[in-house]
Amino acid sequence: MRTATRFDRRMYAIMNRREAAPLFATAGRRRALVAAHVVLTAAAAAAWLALVVGDARWALFAMLGLLLPWVVATGAINGATRGLLELRARMLDERQRAERDRVRAIAHRITTALLLAGTAGFGALLWATEVRADGRTLFAALFAALVTHWLTPLWVAGLRADDDVRGDADDLA
């Protein structure tokens, strides 16, 4: 087994800081935090698509305004999970590695269901109407799928985190 590097120890220390603990101290607060993160992500993705696909200049300022709250929410969720998805496996104990595997499996099932529903709905729309897909629509759908696939494990981990997320490994640091 490889020993922890300086980078690993630093990331572990960052992920286990307690300054943001009031944001995720209870299950209700974690649910609200994850919901806020989902909304911020959707707004930032919509702004980015408006900028890239729609050529809307205002969207750049919207993205910049959403960036700081999104980063804070992401950091708070990572803090709630003690870096479950960000730390290397060698920095996690067996329980944490098993939880990370469960989180990833649940997230995979969720994104698979969302992709199936989206594909079926879009296919039905194309079949039943005169609407035809163009490159912009396809790009926006693929981008939304990518963002959802990327962040669903974080959201699931945030929702599954325990109220007392401090583990036995805290005594080792």
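The values are calculated or read from the model by the stated rules, or taken from the named source; none is laboratory data. What you see is a predicted model, and the numbers here were worked out from it, not measured in a lab. No Cβ is skipped: glycine too gets one built from the backbone with ideal geometry, and neighbour counts run over all protein chains shown. Only protein heavy atoms, including side chains, enter the accessible area calculation; ligands, DNA and RNA are left aside. Shrake-Rupley method; radii C 1.70, N 1.55, O 1.52, S 1.80 Å.
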**Prompt:** For the stretch 121-137, does any single residue satisfy the condition of being in contact with a Gly (Cβ under 9 Å, 6 or more places away or on another chain), within 29 Å of ARG31 (Cα to Cα) and part of a helix (DSSP H, G or I)?
**Reply:** no
**Message:** So the check is Cβ under 7 Å with 6+ separation or different chains; which pairs have a first residue in the stretch 109-128 that's more than 11 Å from ALA141 (Cβ to Cβ) and a second one that's open to solvent by less than 90 Å² (accessible area, probe 1.4 Å) and of a type in the set (Gly, Ala, Ser)?
**Reply:** LEU126/ALA133
**Fill in**
Scanning the stretch 100-114 for residues that are touching a helix residue (DSSP H, G or I) at 6+ places or on another chain (Cβ under 9 Å) and open to solvent by 40 Å² or more (accessible area, probe 1.4 Å) gives ARG102, ARG104, ILE106, HIS108, ILE110, LEU114
**Asked** From the set of residues in the stretch 116-163 that are farther than 30 Å from ALA20 by Cβ and open to solvent by 90 Å² or more (accessible area, probe 1.4 Å), which is farthest from the chain's Cα centre (by Cα)?
**Response** GLU130
